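To keep things clear, I will list the structure first and then write my remarks on it.
The values are calculated or read from the model by the stated rules, or taken from the named source; none is laboratory data. Given the structure is predicted, the values throughout are model-derived calculations rather than measurements. Here Cβ is always computed from backbone atoms with ideal geometry, including for glycine, and neighbour counts include all displayed protein chains. In case anyone asks, the SASA skips ligands and DNA or RNA and just uses the protein heavy atoms, side chains included. Shrake-Rupley method; radii C 1.70, N 1.55, O 1.52, S 1.80 Å.
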Amino acid sequence: MSASSAPPRFPAISASRHAMRVGVLTFHRCINYGSYWQARCLVEGLRAMGHEAELLDHDAPEVRRAEWRCAFQPRLPVRGPRSDLPLYAAKARRFLSAFEHLPESRRFALDRPEEAGNYDAVLVGSDEVWNFRHPWYGSRPIFFGERLRARRLASYGASFGNHDAEHGLDANWAAKLDRFDALSVRDENSRRLVRQGLNREPELVLDPCLQFPPPPAAPAGERAPYLALYGHGFPDWFAAAVRGWAVAAGHRVLSIGYRNDWADEQRIDAGPDAFSSLIAGADAVATNFFHGCVFALHHRRPFVSAPSAYRLNKVRDLVHLLAAERHLVTEGTPPAAYAELLGTTLDPAIGARIDAMRARSSAYLASALG
């Protein structure tokens, strides 16, 4: 769908003499709450700044197949008559419907970036656009600026994901990034990789979901109180600790987007808007996903996180950036800490830190877009 046929939440201010035609290059069609929301928030935020912004609608058959395999066959137990396939299918359909309302460019092949069209500026990011280990987007030259037609090339909140800084950045990829007019990342691991590989200091900015927050969430329609659980593959010690707190506190555990058998109820088929509403309506959040933490922070919900190895870099660096390290728990975290972290409101200093980072990120965007 074109930008003109999808009314944005933040309408463009056409009278701005600094308005630019901006393409946003990211993972905008993943069946993933975080990928959807970061893409939507950034493009709508740019429109609120007065720019004619749209998502670059890249397409590749092999990527589509991989995405749908992941959406319909999550690496979770599915047992006979309890098969959750219809619920995962309903979730995917809700994402497809949401994608139709995103402001997008004309579609072009992932390996033909020059067909995206001409832009005053292209912003690469947010998300793991530079992650060489990403299962289907890893090492794609387009995300390193290859053959994009733009007067200015910049990144916003880009990440190398679980490609650790200790493994370094190959000189060929570094040379591609060095052509960017402005560079920003969303985590310290990515900052180290750019610094070491390019001898440039990238700006550290907020994820778009915190920089340009989603619209107020509609009521979830759930009976209170409940704990929102988001993620899968949780370690047993984390499940036991969170479950123990929920039982003691009299809270139901609602699992969003994935089946977790230790939850009281499953909300596998939730679409992107329902995801935000369920987090907003929760009394607390338990997650091992980056955007589980981001949405808990956005909605000011108490939370705990035990990220997997794949997500450790970005979750660890997020809580460090916002002085919220205590919300990252380990096997040795005592039950009393869960009671405090999940049962009390967030430290106001975290909100103040978000506000300060928002101002810093806005200054970067103003500079990056010239």
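Spin-label model, R300 to D181: label points 7 Å out along the Cα-to-beta-carbon direction sit 3.8 nm apart. Ordering A239, A263, C209 by Cα displacement along the dipole of the chain toward the positive end leaves C209 in first place; charges were set at the Cβ atoms of Lys, Arg (+1) and Asp, Glu (-1). Measuring how big the chain is from its alpha-carbon positions, Rg and Dmax come out at 20.1, 61 Å. In this calculation the C-beta distance from E222 to R200 is compared with R0 = 41 Å, giving a FRET efficiency of 0.30. Distance between the modelled labels on E100 and R358, one decimal in nanometres: 3.3 nm (7 Å Cα→Cβ projection). In the chain, the calculated helix contribution to ellipticity at 222 nm averages -11500 deg cm²/dmol per residue, counting -39,500 (n - 2.57) for every DSSP H run with n ≥ 4. Seen from C293, the other residues with C-beta closer than 13 Å to its C-beta sum to a net charge of +3, counting Lys and Arg as +1 and Asp and Glu as -1.
Taken per residue, the accessible surface of the chain reaches 41 Å², heavy atoms only and a 1.4 Å probe.
Per-residue SASA remark: R192, around 90 Å² accessible (1.4 Å probe; ligands, DNA and RNA not included).
Ordered from highest to lowest accessible area with the whole protein assembly present and a 1.4 Å probe, W136, W130, W245, W68 read as W68, W136, W245, W130.
Length gained on full extension, E115 to D59: 19.0 nm, using 0.36 nm per residue less the C-alpha separation.
About its Cα centre, the range 106-247 has a charge dipole of approximately 340 debye under the convention of +1 per Lys or Arg Cβ and -1 per Asp or Glu Cβ, with nothing else charged.
How large is the charge dipole for the chain, taken about the Cα centre, if only the Cβ atoms of Lys, Arg (+1) and Asp, Glu (-1) carry charge, to the nearest 20 debye?
Taking the Cα centre of the chain as origin, the dipole is about 440 debye.
Determine the shape class of the range 97-229: with a ≥ b ≥ c the square roots of the Cα gyration tensor eigenvalues, call it rounded for a/c under 1.5, and otherwise prolate if a/b is greater than b/c, oblate otherwise. Verdict is oblate for the range 97-229. Sparse packing (at most 13 other Cβ atoms within 10 Å of the Cβ) combined with a DSSP loop state is found for the following trypsin sites (Lys or Arg not before Pro) in the range 205-269: R223. If you sort the three axes of the alpha carbon gyration tensor as a ≥ b ≥ c, you get a/c of 1.5 or more for the range 227-370 and a/b above b/c, which makes it prolate. Using a simple spin-label model with pseudo-atoms 7 Å out from Cα toward Cβ, A48 and D170 lie 3.9 nm apart. Highest GNM mean-square fluctuation among A48, A154, A175, for the chain modelled with Cα contacts below 10 Å: A175. The loop-placed trypsin sites (Lys or Arg not before Pro) in the range 115-175, going by DSSP, that have at most 13 neighbouring Cβ atoms within 10 Å of their Cβ come out as R147. Backbone geometry of the range 340-353 corresponds, through the Karplus equation with coefficients 6.51, -1.76 and 1.60 at θ = phi - 60°, to 3J(HN,Hα) couplings of 6, 5, 8, x, 10, 5, 5, 4, x, 4, 5, x, 5, 5 Hz, x marking Gly and Pro.
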